[in-house]
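The structure appears right after this line, and notes come after that.
The numbers here are math on the coordinates, done by the rules we state, and not lab data. Remember, it's a predicted structure, so these values are computed and weren't measured experimentally. Using ideal geometry, Cβ is built from the backbone for each residue, glycine included, and neighbour counts are taken over all protein chains shown.
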Amino acid sequence: MTLLSLPAPSSGHDSTVDLVSLCPGDQLDTTLRICGIEQRFAGDKPFAVLTVGNCTGELATAPFWTEELPRLAGLGKGQLVDVTGELTTYRGSRQLRISSIARSQLSSIDWGLFLPSVGDVSGYWKILDAWRHAIAGPRLRDTLSLFYDDPIFRQRYQECPASLHGHHSALGGLLRHTWEVAGIARAVSRTCPADCDLVLAGVLLHDIGKIAAYRWDGIFEYTTPGHLQGHVVLGALMLENRVRGREQAPCTDEELLTLHHLILSHHGRLEYGAPVQPMTLEAEILHYADNASAKSASMADALTDTDNFTEDEVVSTRGVWQVERRRICRAVHHWGKL
C-alpha cells in the first residue's frame with residue numbers, strides 16, 4: 001500500500017473544490033473520486049446513482065438513466081474522474097447533475113486531495129507521545145513502544161481512517177479518534193480509583209487492528225483479514241505477536257492478558273463485536289470513552305451536513321443514519337453574548 005501524505009483539506013490544489021459550500025446553480029469542472037456506484041430500478045428500467053467526492057466531502061449525482069448508462073462503462077469505485085456539471089436539488093437534497101464524465105488521466109495522485117482527511121496530525125502525535133512517555137511503569141511503556149516507536153506503524157496509524165463510513169472516516173481519522181478517546185478516558189480516570197496509565201495503554205492499543213483491517217488507497221474498504229477476523233481480533237493478535245516476538249518479553253503473561261482484555265472488550269457488548277464484555281474498571285472506562293468519541297463525532301458530522309436540513313430549519317427533515325435514524329437539531333443560542 002502506498003504511504004500517503006496528509007495535507008490539510010484546504011491546502012492548495014487548483015482542482016480541489018469545496019463540495020460542502022456548493023449551492024444550487026453552481027457549476028463544477030473538476031476531478032473527483034468515485035466513492036460509490038449504486039444500481040437501482042424504476043419499474044423494470046435500470047439506472048445508476050454515483051457518489052463522488054474529494055477531501056472536502058461527497059455528493060450524490062442525479063440518476064444516470066438507462067440510455068445514459070453507457071457513459072459509465074469502465075468506471076468503478078475508487079477511480080478518479082474528470083467531471084463537469086451543475087449542483088441541483090431534488091426533494092430537499094443536493095445532487096450533482098453531470099454533463100460530462102471521463103476517467104482522469106492524472107499521472108501523479110495525492111490521495112490526500114481526494115479522500116476525506118483530518119489534515120495535519122502532528123498535534124495529535126505530540127500530545128499522545130507526551131502522555132505515553134509519562135507512564136510510570138517501565139514494562140507498560142516498553143510494551144507500547146513495540147508499536148509507537150516503530151516508524152512504519154506510526155505512518156500507517158496516522159493515515160488510517162477510524163471507520164469506513166461512520167465516525168472519523170477520513171485519512172488521519174484513527175489518530176484523531178485515539179486522541180479524543182485518550183482525553184475523555186484520562187478525564188474519567190481521574191474521577192474514580194482507576195489505573196490512569198493502564199487506561200491510556202488501552203486507548204493506544206484498542207484500535208491498532210484497524211491498520212490491518214482497512215485499506216485506504218483510493219477507497220475506504222475492508223481487507224480480507226478485516227472481513228474474516230475484524231479489527232478487534234486482529235489487534236489482539238498483533239499485540240500477541242509483537243510481545244512474543246521479542247527475545248525477552250517486555251511484560252509478564254498476566255500483564256499481557258490484562259492488555260488483551262482491554263482490546264477484546266472495548267466494544268462493550270457481544271452483539272457489537274466484543275468477544276468479551278468489560279470486566280475491569282479500566283476496560284469499562286475505555287469502552288465508554290471510545291463510544292463517546294464515536295457518537296459525538298457522528299452527531300457533529302450530521303449537524304454540519306446541509307443535506308440533513310431544509311433551508312433555515314433547525315430540526316432535520318428526517319432521521320439521520322449516523323445517529324441511529326434520529327432527527328437532529330442545530331439550534332444555536334447566543335445567551336446574551338454579543
Taking amide H atoms as placed 1.01 Å from N in the peptide plane, list the residues 5 or more away in sequence, or in a different chain, whose amide H sits under 5 Å from that of G57. L19
Projected-area mean, segment 281-327, by convex hull of Cα positions, square nanometres: 3.4 nm²
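Hey, what did the chain get for relative contact order, percent, Cα under 8 Å, at least 6 apart? Let's see the in-between values first.
Values: 599 pairs, mean separation 45.1, N = 338.
This gives 13 percent for the chain.
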May I ask you to derive the FRET efficiency for T84 and V332 from their Cβ-Cβ distance with R0 = 35 Å, giving the value to the nearest 0.05? 0.45
Aspartates and glutamates within cross-link reach of K77: Cα-Cα under 13 Å, excluding same-chain residues under 8 positions apart? E38, D217, E221
Can you give the net charge of the other residues whose Cβ lies under 12 Å from the Cβ of Q248, counting K and R as +1 and D and E as -1? +1
Scattering profile of the chain at q = 0.08, 0.09 Å⁻¹ [log10 I(q)/I(0), Debye over alpha-carbon scatterers]: -0.45, -0.56
What is the calculated FRET efficiency for E68 to D217, with r their C-beta to C-beta distance and R₀ = 30 Å, to the nearest 0.05? 0.55
Where the eigenvalues come from the Cα gyration tensor of segment 172-213, what are the semi-axes √(5λ) of the equivalent ellipsoid, largest first, in whole Å? 22, 11, 5
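Relative to the compact globular guide of 2.2 N^0.38 Å, what is the alpha carbon radius of gyration of segment 259-338, as a ratio?
On the way: Rg = 17.4 Å, N = 80, 2.2 N^0.38 = 11.6 Å.
Dividing the Cα radius of gyration by 2.2 N^0.38 Å gives 1.49.
Mind pulling the per residue volume of the convex hull built on the Cα atoms of segment 147-200? Å³ is fine. Don't skip to the answer; put the middle values down first.
On the way: hull volume 4.1 nm³, N = 54.
Considering the Cα atoms of segment 147-200, their hull volume per residue is 76 Å³.
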Between the alpha-carbon centers of segment 173-250 and segment 118-155, tell me the distance in whole angstrom. 12 Å
In segment 199-287, which GluC sites (Glu not before Pro) fall in coil by DSSP and have 16 or fewer other Cβ atoms within 10 Å? E247
Can you work out the FRET efficiency for the pair E313 and A136, with r the C-beta to C-beta distance and R0 = 41 Å, to the nearest 0.05? 0.20
Using the alpha carbon gyration tensor of segment 119-163, what are the three equivalent-ellipsoid semi-axes (square root of 5 times each eigenvalue), largest first, in whole Å? 21, 13, 8
In Å, the Kirkwood estimate of hydrodynamic radius for segment 175-334 over Cα pairs equals 17.5 Å
Label point 7 Å beyond Cα of Q27 along Cβ direction - residues of segment 59-98 with amide nitrogen under 20 Å: 62, 82-89, 95-98
Expressed in angstrom and ordered largest first, the alpha-carbon extents of segment 76-207 along the principal axes are 62, 38, 22
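For segment 135-239, what ratio Rg/Rh do Cα atoms give with a Kirkwood hydrodynamic radius? Each step should come with its number before you reach the end.
Details: Rg = 14.2 Å, Rh = 14.3 Å.
With Rh from the inverse mean 1/r over Cα pairs, Rg/Rh is 0.99.
Treat segment 193-242 as a sphere of radius equal to its Kirkwood radius over Cα pairs and apply Stokes-Einstein at 25 °C in a medium of 0.890 mPa s; give the translational diffusion coefficient in µm²/s, rounded to a whole number. All intermediate terms of the calculation are to be shown ahead of the outcome.
Details: Rh = 11.7 Å.
The calculation lands on 209 µm²/s.
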Express the Stokes-Einstein translational diffusion coefficient of segment 230-278 in µm² s⁻¹, to the nearest whole number, given a Kirkwood radius over alpha-carbon pairs, 37 °C and a viscosity of 0.692 mPa s. 293 µm²/s
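Per residue of the chain, what 222 nm ellipticity follows from adding -39500 (n - 2.57) for every DSSP H run with n ≥ 4, rounded to the nearest 500? Display every interim value, and only then the final one.
Working: 10 runs with 121 residues, N = 338.
Mean residue ellipticity, 222 nm, calculated: -11000 deg cm²/dmol.
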Starting from the Cα of K126, draw a straight line to each of the lysines and keep only those under 26 Å, dropping any in the same chain fewer than 8 residues away. K210, K295
Report the gain in length on full extension from L237 to Y272: 0.36 nm times residue separation, minus Cα-Cα distance, nm rounded to one decimal. 10.7 nm
